[in-house]
1. If the requirement is being in contact (Cβ under 8 Å) with a residue 12 or more places away in the chain and assigned by TED's automatic domain parsing to the domain that holds residue 129, which of these qualifies: 66, 75, 85?
2. Does region 98-109 hold any residues that are crowded, with 16+ Cβ neighbours inside 10 Å and closer than 18 Å to residue 61 by Cβ, and which are they?
3. Kindly indicate the residue of region 146-155 that is basic (Lys, Arg) and outside any helix (DSSP H, G or I) and also nearest to residue 76 (Cα to Cα) among those meeting that condition.
4. Here is a check on your reading of the model: is residue 128 surrounded by 18 or more Cβ atoms within 10 Å (Cβ to Cβ), part of a loop (DSSP other than H, G, I, E, B) and without any contact (Cβ under 8 Å) to a residue 40 or more places away in the chain?
Amino acid sequence: MPRKQHLSFLMAIAFCAFLGITFVLSSRKETDGPVTAEFAAANQQALSVSDGILKGENKAAKIENATLKAELGNASWKLLHTMMAKFPDKPTDEDSAALKSYIHLFARLYPCGDCARHFQKILQKFPPQVATRSTAAAWACHVHNEVNKRLKKPIFDCSNIGDFYDCGCAEDPVEGKEKGKKDSFTPLTLSENEGSLTRGG
């Protein structure tokens, strides 16, 4: 008799465990469904970046190592100038807004705090110009020269910016495109007018 009670007791525990696991798994599925749907919906909403986020204070520390600071600066200028050289000739409003936002976020998040704060002051005086590839490239060259003036470095001739910072634009074969036919990408050339920007230009 005691053996039968022991077996009945174990079966009751097993049954309760089975019910408990079933309950947990079924309630978990119900919870996961709406959370996943909410998460997906939240990630599909348009990203809206406020002025406070774009132009907020950079809180990075000063970089004391001059070599590291120079390497970071050179790499950053190469990135910015190459980006301008690859910017569309006729950007959409969305393209222009994206580039303008990127420039402000770049200044805000730049890992050299001192450099970033100086660059943010330059952006206040000379806001990003993103109407065309040429204006974006001329603006980038102009602000680079503003930094060069502050650092007592030579001023770059902006009419040569397209040669100096090559965009790396190669003629990749595109399926369905006739060989020898060029796409709508035109090489970057700046006139003397485009190289000189006025405040807020």
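1. Going through 66, 75, 85 in turn, just one is in contact (Cβ under 8 Å) with a residue 12 or more places away in the chain and assigned by TED's automatic domain parsing to the domain that holds residue 129: 85.
2. 106, 107, 108
3. Per the criteria, the residue is 153.
4. When the stated conditions are applied, residue 128 passes them.
For every residue, the table says whether it meets (1) under 14 Å from the mean Cα position of the chain (by Cα); (2) hydrophobic (A, V, I, L, M, F, W, C); (3) surrounded by fewer than 17 Cβ atoms within 10 Å (Cβ to Cβ); (4) part of a loop (DSSP other than H, G, I, E, B).
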{"site": "91", "(1), (2), (3), (4)": "no, no, no, yes"}
{"site": "96", "(1), (2), (3), (4)": "yes, no, no, no"}
{"site": "111", "(1), (2), (3), (4)": "no, no, yes, yes"}
{"site": "115", "(1), (2), (3), (4)": "no, yes, no, no"}
{"site": "124", "(1), (2), (3), (4)": "no, no, yes, no"}
{"site": "135", "(1), (2), (3), (4)": "no, no, no, no"}
{"site": "139", "(1), (2), (3), (4)": "no, yes, no, no"}
{"site": "144", "(1), (2), (3), (4)": "no, no, no, no"}
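The values are calculated or read from the model by the stated rules, or taken from the named source; none is laboratory data. Everything quoted here is computed from the prediction, not taken from an experiment. Virtual Cβ from ideal backbone geometry, glycine too; neighbours counted across all protein chains shown.
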